[in-house]
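These notes are about the structure you will find just below.
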Amino acid sequence: MIKRIVKMEFSPKDSKIFINIFNDNKKNILNFEGCKSIILLQDINNDNIFFTYSFWKSEYSLKKYKESETFKVIWQKLKALFSNKPLAWSVKEI
């Protein structure tokens, strides 16, 4: 199992739009084959910084999701909202 952490930053007005997009699509992401869990986290010192923390069955599952139409539609909406370049890490437990 791998875990995926994605850091995203938005302007104050776009933060609310992002939260709505996330909530509207969370179920679709969870229903994607190989996705075990996804949660949304918010920085405690900066309300405009968010992290998604997702668990995937394998790197292959994550790759298939990133190639999917579901991901492309969501990412297209989000790209227009970023105030800084998003950062992402795929990690595993030791």
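Every read-out reported here was derived from the displayed coordinates using simple, explicitly stated rules and does not represent laboratory data. Every value quoted in this text rests on a predicted model; they were computed, and no experiment measured them. Neighbour counts run over all protein chains shown; Cβ positions are idealised from the backbone, glycine included.
Put simply, the Cα atoms of the chain extend 34, 31, 20 Å along their principal axes, the longest span coming first.
Over 29 Å between C-alpha atoms is what I'm after, so list which of LYS36/LYS72; LYS3/LYS79; LYS13/LYS36; LYS13/LYS63; LYS13/LYS92 land there. Violating the 29 Å limit, Cα to Cα: LYS13/LYS36; LYS13/LYS63; LYS13/LYS92.
The relative contact order of the chain comes to 48 percent, based on Cα pairs under 8 Å that sit 6 or more residues apart.
The aspartates and glutamates whose alpha-carbon is closer than 20 Å to the alpha-carbon of LYS16, local same-chain residues fewer than 8 away aside, are ASP24, ASP43, ASP47. Magnitude of the charge dipole for segment 37-94, about its Cα centre and with charges confined to Cβ atoms of Lys, Arg (+1) and Asp, Glu (-1), is about 280 debye.
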